[in-house]
């Protein structure tokens, strides 16, 4: 009997390896799908959609689109844990659709312990008109008291092999800028002025600013008369500048609590540091260090990391998995919106049947769940998530005020559950937030959704892989969350206040 089992196992393993595919398939229903006992297991295996290296994590992201190969190169700081003195060299991974990744490799290694780039920080790639690729990045040397942070330069003919430019040396802060906070170079071409511009995150005479330099050849850089932005409310890490329509846009990440990715916009040229709009967030508090790249069709993508959480499962709040949003204009603008990239959406293509476990204060008629929280918390609970999953549904707010959403890691141990709550209370000073919280951890993530607060219907897309959950709403709002133990436990749709209807509920995997 044991021999037969062994032979069967070998045959099954051989058949699996012959397919050449390691993609997970929908798991069959098993006995404990009918239970709600809390299960906690350590994550294993590769992230296949929300990329992370197999034995490291994604730090600050620097995407670049190569038109010749129609490929995005996702440069990022490699976050080794524990660092052991290896403080984030630049690595690269390639993708065409943000759904599959290949060719993960080191691009720019750390310098020697006596060189300026003994620690490497954020920068980015740019292609010159002669076809050569240039990469400007941060070199940090804590022992250099005169210039702790500076901008360094590397070049490449193929985006794979990079050579550090020893003649360039390093570019230190010029007059008025802080020599100890001079990092995260963003180099871009201004088609209106026909020059290259470099933006550097820094302080200008003690206030938050973006330093401004110009060049005609990417070698010699001249300080502009004024910063690109000055007297800003946040220190602006990982800035990015691009044009959409007739406006200039910038994105940046604020290290000031709460940590967040923001955008601003302005009309006119970039020589005047004023005229920028007030900052507006692009995601919640767990998404960070995001920069953008556009393909040849002009579709622009925001690439950043979704943090891990120091504690039971992980050891750091810095770095995590790659999450990418497609960004565009809300109508004619000026506001930006976030939507799920087509490649990510389409990857989840195998239908999975949701299996209802239980429900309270909820009815199901002709495929529509109706929830009324007048007498208590209304919910419907479904079986355990077994695979990466895309959940889509149409959610209608029937009442004026409402608190409703999704619960993951739902179980008999209620304080382990994680809730993604819509808090929409127009009668309460127009309160309109998305919140990720749990009884055990408190509030972990928040995002104000004033731009959709008056909507009564919400098209929801939730993309889930391991502990990553990204929710898209009406093709405008993205909310990225780290939720451990989602895949091993039941999940719910709930309503705590008001009345809602859920229709067209679908689940797919890959």
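The values are calculated or read from the model by the stated rules, or taken from the named source; none is laboratory data. This is a predicted model, so every value here is computed, not measured. All Cβ positions, even for glycine, are placed from backbone atoms using ideal geometry, and neighbour counts span all protein chains on display.
A few remarks follow.
- Any chance residue 353 is surrounded by 15 or more Cβ atoms within 10 Å (Cβ to Cβ) and either within 28 Å of the chain's Cα centre (by Cα) or more than 28 Å from residue 451 (Cα to Cα) (or both): no
- When we screen 327, 337, 403 for residues that are in contact (Cβ under 8 Å) with a residue 60 or more places away in the chain, outside the structural domain of residue 451 (by TED's automatic domain parsing) and under 25 Å from residue 478 (Cβ atoms), the only hit is 337.
- Residue list for the range 145-157, restricted to those being in contact with a strand residue (DSSP E or B) (Cβ under 8 Å, 6 or more places away or on another chain) and assigned to a loop (DSSP other than H, G, I, E, B): 146, 147, 148, 157
- Qualifying residue in the range 241-251 (condition: farther than 15 Å from residue 190 by Cβ and buried (at least 17 other Cβ atoms within 10 Å of the Cβ)): yes
- Only one of 48, 44 that is within 30 Å of residue 410 (Cβ to Cβ), in a loop (DSSP other than H, G, I, E, B) and modelled with pLDDT under 90: 44
- Meets criteria (part of a loop (DSSP other than H, G, I, E, B) and either surrounded by 15 or more Cβ atoms within 10 Å (Cβ to Cβ) or under 26 Å from the mean Cα position of the chain (by Cα) (or both)) for residue 435: no
- Residue that is surrounded by the most Cβ atoms within 10 Å (Cβ to Cβ), among those in the range 276-316 that are modelled with pLDDT under 95 and not in a strand (DSSP E or B): 309
- Selection status of residue 156, without any contact (Cβ under 8 Å) to a residue 24 or more places away in the chain and surrounded by fewer than 19 Cβ atoms within 10 Å (Cβ to Cβ): no
- Of all residues in the range 51-85, those satisfying the criterion of being touching a residue at least 60 places away in the same chain (Cβ under 8 Å), crowded, with 17+ Cβ neighbours inside 10 Å and part of a loop (DSSP other than H, G, I, E, B) are 51, 52.
- Residue count, the range 162-173 (criterion: surrounded by fewer than 16 Cβ atoms within 10 Å (Cβ to Cβ), assigned to a loop (DSSP other than H, G, I, E, B) and under 33 Å from the mean Cα position of the chain (by Cα)): 1
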